[in-house]
Amino acid sequence: MNAKTVLGHLLARRSRSHARQHRHRQRGRRLWAEPLEDRCLLTGILSVFPTFAALGATDLPVTFTLDADATPPPPPSQVTPLSAAIGTIQGDSLARSDLVVTASFDIPVDEPVGTKDLAVTFPSPNGPITMTLDAGFTVVGNGLPVVSV
């Protein structure tokens with residue numbers, strides 16, 4: 001085999017390798033270019049207690065248990081939440097112990113009954129991180145059964 005043929009084979013091999021590396025880089029860029037929300041399978045809040053309250057309830061202590069395996073994970077345990085919410089109702093007296101956040105809520109008497117989404121928001125250097133749980137809490141009427149279909 002002459003030098004020209006050997007050089008041709010080496011250049012062709014490098015070209016194929018370069019093309020393969022380029023395809024892998026492009027595939028990785030497409031994956032990581034997706035919004036973070038599209039890659040999240042976990043919402044961040046595992047459970048809440050209690051799971052319901054009646055209209056007009058005051059000083060209701062609600063406990064949110066965070067998911068340590070969520071994406072993104074909860075901030076370090078010394079970081080206090082900025083807010084906790086049941087639907088549009090904001091809690092006060094926020095406290096945190098490791099993966100448990102507690103807040104006190106007043107349920108207005110004119111709040112629409114039904115299921116509410118939950119949210120706990122934390123500060124972070126890259127902007128707020130909000131842990132959620134869809135339909136995790138129910139506001140019930142005073143003594144009236146709530147029927148869902």
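The values are calculated or read from the model by the stated rules, or taken from the named source; none is laboratory data. A quick note: this is a predicted structure, and the numbers were derived from the prediction, not measured. Don't worry about glycine lacking a Cβ; one is built from the backbone with ideal geometry, like all the others, and counts go over all protein chains shown.
Hey, among ARG29, ARG96, ARG20, which residue is at pLDDT 95 or above and basic (Lys, Arg)? That would be ARG96, the only listed residue that is at pLDDT 95 or above and basic (Lys, Arg). Per the conditions (1) within 25 Å of PHE105 (Cα to Cα); (2) modelled with pLDDT under 85; (3) not hydrophobic (A, V, I, L, M, F, W, C), the sole criterion not satisfied by SER83 is (2).
Scanning region 83-124 for residues that are farther than 21 Å from ALA135 by Cα and either among the charged types (D, E, K, R) or assigned to a loop (DSSP other than H, G, I, E, B) (or both) returns ARG96, ASP98, PRO123, SER124.
When ASP59, ASP69 are screened for being charged (D, E, K, R), exposed (fewer than 14 other Cβ atoms within 10 Å of the Cβ) and touching a residue at least 40 places away in the same chain (Cβ under 8 Å), only ASP59 passes.
For region 80-96, the count of residues that are aliphatic (A, V, I, L, M), touching a residue at least 12 places away in the same chain (Cβ under 8 Å) and more than 17 Å from ILE45 (Cβ to Cβ) is zero.
Is it the case that some residue within region 106-120 is hydroxyl-bearing (Ser, Thr, Tyr), out of contact with any His (no Cβ under 6 Å at 6 or more places or on another chain) and surrounded by fewer than 15 Cβ atoms within 10 Å (Cβ to Cβ)? Checking region 106-120: not a single residue is hydroxyl-bearing (Ser, Thr, Tyr), out of contact with any His (no Cβ under 6 Å at 6 or more places or on another chain) and surrounded by fewer than 15 Cβ atoms within 10 Å (Cβ to Cβ). Looking at region 51-71, can you tell me whether even one residue there is in the same structural domain as GLY136 (by TED's automatic domain parsing), in contact with a Cys (Cβ under 9 Å, 6 or more places away or on another chain) and at pLDDT below 95? Yes, region 51-71 contains at least one residue that is in the same structural domain as GLY136 (by TED's automatic domain parsing), in contact with a Cys (Cβ under 9 Å, 6 or more places away or on another chain) and at pLDDT below 95.
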